[in-house]
Amino acid sequence: MIRVENLVRKFGPTVAVKGITFTVKDGEIYGLLGPNGSGKSTTMKILAGIIPPSEGEVTINGIDVSKNPLGVKMIVGYVPETPVLYESLTPVEFFNFIGSVRGIPEEALQERVETFIKAFGIERYLGEMIGSLSFGTRQKISLISSMLHDPEVLILDEAMNGLDPKSARILRELLLQFREEGRSVVFSTHVLALAETMCDRVGVIYNGELIAEGTPEELKEFAHEESLEDVFLKLTESQEEVVGIVQALREAL
Ligand SMILES: Nc1ncnc2c1ncn2[C@@H]1O[C@H](COP(=O)(O)OP(=O)(O)OP(=O)(O)O)[C@@H](O)[C@H]1O
Ligand SMILES: [Mg+2]
C-alpha cells in the first residue's frame, strides 16, 4: 500500500508538486496522468526514494520515504523515464552488478535474469555493450533491472516507451501478474488508451495538483465523455485550445 499525503516538492523557486494526496492499495495498478511538466516524474522519484519530499508524508508498505529512503529502495522497483544504465557493460554484467548491489542471492538472480531475458527476447544482445543497443532494448534492460530483486511495489515512469507491441504485451502481463500477487503498481503514461485498459484507478495531475481521481469509468461518467482522452483534455482545459491549434496549423500550412 502506498500512502501519499500533502506531498510538496520544490526546486528552488519552482513548486513542482503542490500538496498531492492519494493512496494505492495492494493489488492495484494506479495510473498517473498529466501534461508535460505537471509533476508526475517528480512524484514518482519521491515514491521510489530517489529524491526527498520538501513537505508531506509518503509511506510505501509502511516505510517512510523521508526517514528510510534505503528501506524504500529495497522494496521498490523503479523505472525512470530516462534509463540509467552503464554504457560500457554488457546486459549480463549490468544485471550481475545490480544483483551484487542489491545483495540478491546468486541462484535467485540467475533464475530471474534468465526468465526476463527470455520473456523480453534479448538473448542475442547479451554480449554487446549497452551503449550500442537500440532504444527499446535499453528500455527492456532498465525494466528487467527494476524487477530483479522481486520488488513489492513497482514505480514505472512511462515504461512502455519504445517497447514493440510484443514486449508491451509482455510487460502488461507481468503487471497483471504483479497485481494478482497483491503488489502495488504506479504507472505514468501519455497513452491514455493504455491507461484506460491497464489501470484500476487513475489520478490526473495538472500544474502539480491532483485535479481528478477515480476509475477510468468513473472519470468518463463524471466528465460526460466517452474516452479517457476526452476526459483528460476536458480536465486540463486543453480541448478548445487543441481545436484552435489544429485550426491555426491548417491555415498556416
Ligand atoms: N531537478 C529539477 N530541477 C529543477 N526543476 C525541476 C527538476 N525536476 C523537475 N523540475 C520541474 O518540475 C516540474 C515538473 O516536472 P516533472 O518532470 O515532474 O514533470 P512530468 O509531469 O513528469 O512531465 P513529462 O510528461 O514531460 O515527463 C517542471 O516544471 C520541471 O521543470
Ligand atoms: Mg515525466
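Read-outs: derived from the displayed coordinates by stated rules, not from any lab. This one's a predicted model, so the numbers in the text were calculated from it and none came from an experiment. In this analysis, Cβ positions are derived from the backbone assuming ideal geometry, glycine residues included, and neighbour counts consider all displayed protein chains.
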Rounded to the nearest 5, the percent of DSSP beta bridges in segment 50-209 running antiparallel is 25
Longest principal axis of the chain (C-alpha) makes with the long axis of helix 135-147 (C-alpha) an angle, in degrees to the nearest 10, of 70
In degrees rounded to 10, the 0-90 angle between helix 239-252 Cα long axis and the longest Cα principal axis of the chain is 90
So the angle from the long Cα axis of helix 165-180 to the longest Cα principal axis of the chain, reported in degrees to the nearest 10, equals 90
Taking a crude spin-label model, label points 7 Å out from Cα along the C-beta direction, the Met129 to Arg102 distance in nm is 2.6
Taking placed amide H atoms and a strict 5 Å upper bound, the residues 5 or more places from Tyr206 or on another chain that come that close are Ile211
Going fewest to most other Cβ atoms within 10 Å around each Cβ, Val76, Val191, Val58 line up as Val191, Val58, Val76
For the chain, the Debye formula with one identical point scatterer on each Cα and no solvent gives log10 I(q)/I(0) at q = 0.10, 0.12 Å⁻¹ as -0.52, -0.74
Checked segment 204-253 with the C-alpha gyration tensor, a ≥ b ≥ c its square-rooted eigenvalues, rounded below a/c of 1.5, otherwise prolate if a/b is larger than b/c and oblate if not; verdict oblate
The orientation-averaged projected area of the Cα convex hull of segment 1-149, in nm², is 9.9
